[in-house]
Amino acid sequence: MQGMQLFEPKPVSEDPLSPVQMAELQPGPNQVRLRVSMCGVCHTDLHIVEGELALPRLPVIPGHQIVGVVDAAGEGASRFRIGDRVGVGWLNWTCGECDFCRQDQENLCPNARFTGLHADGGYAQYTVIDEKFAYPLPPRFRDADAAPLLCAGIIGYRSLCLSGIQPGGRLGLYGFGASAHLAIQVARHWDCEVHVFTRSPEHRRHAEELGAAWVGGADDAHPANLDAGVTFAPAGWIVPLALGHLRPGGTLAVNAIHMSPIPEIPYDRLYGERVLRSVTNFTRRDAAEFLALAAAIPIKTDVELQPLAEANQVLQRLKASDIRGAAVLTLTGDR
Ligand SMILES: [Zn+2]
Ligand SMILES: [Zn+2]
C-alpha cells in the first residue's frame, strides 16, 4: 500500500512527509481494516510533522479524520460488516480501566493512544482500528464532507459544550478554520449570536456567510459582553484579549493541543468569576452526539480536495491560513 510517512519532524516548508510503499496491513484482534477513501487534514497534523508534539514513535503515518470502508476483520471483530462505511478520529484506543475511563472522561485517559501519533493514521490507502473506536457515519454526508467532522467537528462541539454557551447566548470564536466553520453552524442552530475574530479577510467573509453577527480582529475594540468564547488558533497572545471580551461569569475554552506561551494576564481580566479552561481530546460519547447533531442540522462542510501526494503542500497552506474550510486528502475517490 501507498502512504505519506513522517521519518523525522522538520519545518513543513522542507516537505517532512515522504511517499512510501508498505506491506499490506493485517487487522489484529478486535480490529477492522479500512480501505481509506478520504482523510481530513487537521492543524494537529502540522504540529506532528513539525515536531511540536512529543512523538512516541517514528516513522509514523499521520491523519486522524479518516473515512473508509471495512474490508477485513480481525479475530473477535464482529461489530461491522465488510463494506460498511465508518469513520475514525483522533481517539484511537483507551484503556477502559483507569479512573478517567470509568468516569466518562476517556479523553483524559493516561494510557490513551491517538491516531496518526501512536498508531499509523489515514494518510495511506489502508489503516486498522479497534472496532470500538470506529464510528458509523450518517448516510447524508459524502465521504469528503464526513471527514472534517471527525476531528474538527467533534472537538469543536466539545469546545462549545465546555464553554458553557447556552441557546441564544453571545459567543466569540477566535480563528476561523476547519473547526470553527463547523462550530459556528452548531452555535447558529442554537440561535447564538456569534462574534468571529480572525485576521484573514477570506475567513471573515466565510464567517459572515455562515451567519456571524460581527467579524473583526482579536485586538479590535470589543465590549466585554460575550457569554462564552472558544479559541481555535494556537496563539497564546489571543487568550488575554479574549478574556477581556467576556462578561463576568463567562468561560473561555481553549481548543488547542499546542499553543505559544500565554502572555501575562492582568488579574482583572479573570476577576468576576471568569473561567479559563483547555479542551483536551474527546470521548466517543462526544463523537456520537456530534455526528447525530451534524446530520440533524444538517451541517454543511466546506472542503477542498487534494490528492494524497499533495499532503506537504496542503500542510504548508494550512500553516499560512490559506485553506477555506477544511482540506481533505483523497485516496480511493468519493461516493
Ligand atoms: Zn483509561
Ligand atoms: Zn485533529
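Per-structure values
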| read-out | value |
| --- | --- |
| For residue 17, solvent-accessible area (1.4 Å; no DNA, RNA or ligand), Å² | 10 Å² |
| Residue among 84, 268, 302 with the largest mean-square fluctuation in a Gaussian network model of the chain, springs linking Cα atoms under 10 Å | 268 |
| Percent RCO, i.e. relative contact order, over the chain, from Cα pairs under 8 Å lying at least 6 residues apart | 20 percent |
| Two-site label geometry, residue 213 and residue 111: point separation in nm, points 7 Å out along Cα→Cβ | 4.7 nm |
| Rough spin-label spacing in nm, given labels placed 7 Å along Cα→Cβ, for residue 237 and residue 58 | 3.0 nm |
| Within the chain: Cβ-based charge dipole about Cα centre, in debye rounded to nearest 20 (Lys, Arg +1; Asp, Glu -1) | 480 debye |
| Among 216, 229, 122, residue whose mean-square fluctuation peaks in a GNM of the chain (springs only between Cα atoms under 10 Å) | 216 |
| Per-residue [θ]222 nm for the chain (sum of -39500 (n - 2.57) over DSSP H runs n ≥ 4, rounded to 500) | -6000 deg cm²/dmol |
| GNM flexibility winner over the chain from 280, 127, 231 (Cα, springs under 10 Å) | 280 |
| Sparsely packed GluC sites (Glu not before Pro) within the stretch 1-107, loop by DSSP, other Cβ within 10 Å at most 14 | 24, 75, 97 |
| Positive minus negative residues near residue 283 (Lys, Arg vs Asp, Glu; Cβ under 10 Å) | -1 |
| Hits among aspartates and glutamates - C-alpha to C-alpha of residue 10 under 19 Å, sequence gap 8 or more where chains match | 45, 50, 52, 120, 310 |
| Accessible area expressed per residue, the chain, with surrounding protein chains retained (probe 1.4 Å, Å²) | 41 Å² |
| Solvent-accessible area, 1.4 Å probe, carbon plus sulfur percent, for the chain | 49 percent |
| Given charges at beta-carbon only (K, R positive; D, E negative), |dipole| of the stretch 78-183 in Debye | 320 debye |
| In degrees, nearest ten, helix 178-189 long axis to first principal axis of the chain (Cα) | 60 degrees |
| Degrees between helix 152-163 axis and first principal axis of the chain (Cα, 0 to 90, nearest 10) | 40 degrees |
| Candidates per GluC sites (Glu not before Pro) in the stretch 215-297, loop by DSSP, up to 12 other Cβ within 10 Å | 264, 273 |
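The values are calculated or read from the model by the stated rules, or taken from the named source; none is laboratory data. Source: prediction; values computed, not measured. Glycine also receives a Cβ, built like all others from the backbone with ideal geometry; neighbour counts cover every protein chain displayed. Side chains included, ligands, DNA and RNA excluded: accessible areas come from the protein's heavy atoms. Shrake-Rupley method; radii C 1.70, N 1.55, O 1.52, S 1.80 Å.
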